[in-house]
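Have a look at the structure below, then the notes.
Just so you know, all these numbers are worked out from the coordinates, no wet-lab data involved. This one's a predicted model, so the numbers in the text were calculated from it and none came from an experiment. Glycine gets a Cβ as well: all are built from the backbone with ideal geometry, and neighbour counts include every protein chain shown.
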């Protein structure tokens, strides 16, 4: 869930392959009830990630609000894709 004093304009997730940090997947997360987002306008931003090869990834999420303010959060653990 992402919340702010103003509307969230854009959210992206970067999945960085642990074995090769120069390799990553990037996805736009949405809050419009499509592509894996269950409910529109609930401040839960998501997307359905296409099938990938097995791998351990770290996740970096960047959000930008309607004023252009941005924040970046990185996970401390690993995400497993397969």
- Item | Verdict on residue 32 being out of contact with any strand residue (DSSP E or B) (no Cβ under 9 Å at 6 or more places or on another chain), in a loop (DSSP other than H, G, I, E, B) and at negative phi | yes
- Residue that is assigned to a loop (DSSP other than H, G, I, E, B) and surrounded by 15 or more Cβ atoms within 10 Å (Cβ to Cβ), where the choices are 42, 4: 4
- Message: Filter segment 35-50 down to the residues that are touching a strand residue (DSSP E or B) at 6+ places or on another chain (Cβ under 6 Å) and free of Cβ contacts under 8 Å to residues at least 40 places away in the same chain and list them by number.
- Response: 36, 37, 46, 47
- Task: Kindly provide the set of residues from segment 9-23 that are over 10 Å from residue 61 (Cα atoms), surrounded by fewer than 17 Cβ atoms within 10 Å (Cβ to Cβ) and in contact (Cβ under 8 Å) with a residue 24 or more places away in the chain, ordered by number.
- Result: 9, 10, 18, 19
- Note on the structure: Scanning segment 45-74 for residues that are surrounded by 11 or more Cβ atoms within 10 Å (Cβ to Cβ) and assigned to a loop (DSSP other than H, G, I, E, B) gives 45, 47, 49, 52, 66, 67, 69
